[in-house]
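The values are calculated or read from the model by the stated rules, or taken from the named source; none is laboratory data. Everything quoted here is computed from the prediction, not taken from an experiment. A quick note on method: Cβ atoms are made from the backbone with ideal geometry, for glycine too, and the neighbour counts reach across all protein chains shown.
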Amino acid sequence: MSTIVDRSAAFRALHASGTFLMPNPWDAGSARYLASLGFPALASTSAGFAWTLGRADGRVTVDEVLGHLEALAAAVDVPINADFEGGFADAPEDVARNVRRAAETGVAGLSIEDSTRDGAEPLYAFDLAVDRIHAAREALDAMGSGVVLTARSEGFIAGRPDLDETVRRLRAFADAGADCLYAPGVSTREQIRAIVEAVTPKPVNVLVWSGFLPLEELRELGVRRLSTGGGLAANAWGGAMSAAAALAGGSFDGLRGAARTADIVASFGP
């Protein structure tokens, strides 16, 4: 199995040119299946993992997430990017401490967001948000592992869909040392083009879902990285919920779409 330095270098190289797909597994089994399909990197999903524990997104502890990241990194040889939410702390020095712990799990990258999960004030104040990214950058640099830092601005999914403010924050995060920039929830050509142009030459991640812009158009817009967030986990839940609801009603028809056990196990590899 490759070292974390090797994985981080491979992950960083993926951001240099072109556009790559980075789907989000929610456990070791789904990670192994996705890796078997040839995806060059995978990313954790905070929502997908929380659902495996019977909780809503944001209702997990830092220790639970660290254990989850360690399991994902150990399950596959491709780089893992950690959805590390807001760093599980408010103060920059506490974010830095947790980032160091996350980088020790074997992940090749991690993201820090500016969401507070407070409905009244859903985003950290601008200066504090920037300081948090700068602290994460310093923590990773001190470790020397090359772990890729992604900075996320959450306005479009946190009730503050202001493109100008999102661009201002992402530009500042880039200046603070983020390697990749990400604003989940942006969906139009104009929004994506504005973000890509604002932070160039830093790469941009875009969250995709059913009916999103075509892959080729995203390439033309200069997007480097595409992820699915909790989308795949939600699809898995959708299939299970539909089959279970049919079963509760006395019908076995919902079980028709089940994968064969042999196919599932074969996807895990040796």
Exercise. Scan region 201-218 and report the pairs whose first residue is closer than 25 Å to ALA13 by Cα and whose second residue is acidic (Asp, Glu), with Cβ atoms within less than 9 Å and a gap of 6+ or a chain change.
Key: LYS202/ASP179; PRO203/ASP179
Self-check item: Subset tally (residues that are within 16 Å of GLU154 (Cβ to Cβ) and either touching a helix residue (DSSP H, G or I) at 6+ places or on another chain (Cβ under 9 Å) or loosely packed, with under 13 Cβ neighbours inside 10 Å (or both)) for region 210-232
Solution: 2
Self-check item: Close pairs from region 137-154: first under 25 Å from LEU226 (Cβ atoms), partner part of a helix (DSSP H, G or I) and of a type in the set (S, T, N, Q), Cβ under 6 Å, at least 6 apart
Solution: SER145/SER8; GLY146/SER8; VAL147/SER8; SER153/THR166
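The rows are residues; the columns are (1) of a type in the set (A, V, I, L, M, F, W, C); (2) surrounded by 16 or more Cβ atoms within 10 Å (Cβ to Cβ); (3) assigned to a loop (DSSP other than H, G, I, E, B).
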site	(1), (2), (3)
GLY18	no, no, yes
TRP26	yes, yes, yes
LEU34	yes, yes, no
PRO40	no, no, yes
VAL65	yes, yes, no
ALA73	yes, yes, no
ASP90	no, no, yes
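On the given criteria, is LEU232 part of a helix (DSSP H, G or I), touching a Phe, Trp or Tyr at 6+ places or on another chain (Cβ under 8 Å) and either under 23 Å from SER44 (Cβ atoms) or modelled with pLDDT of 95 or more (or both)?
When the stated conditions are applied, LEU232 passes them.
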Practice problem: Hey, could you check region 129-181 for residues that are outside any helix (DSSP H, G or I) and of a type in the set (Asp, Glu) and say which is farthest from the chain's Cα centre (by Cα)? | Solution: ASP162
Quiz item: From the residues in region 99-127 that are closer than 24 Å to ASP6 by Cβ and of a type in the set (S, T, N, Q), which one is surrounded by the fewest Cβ atoms within 10 Å (Cβ to Cβ)?
Solution: THR105
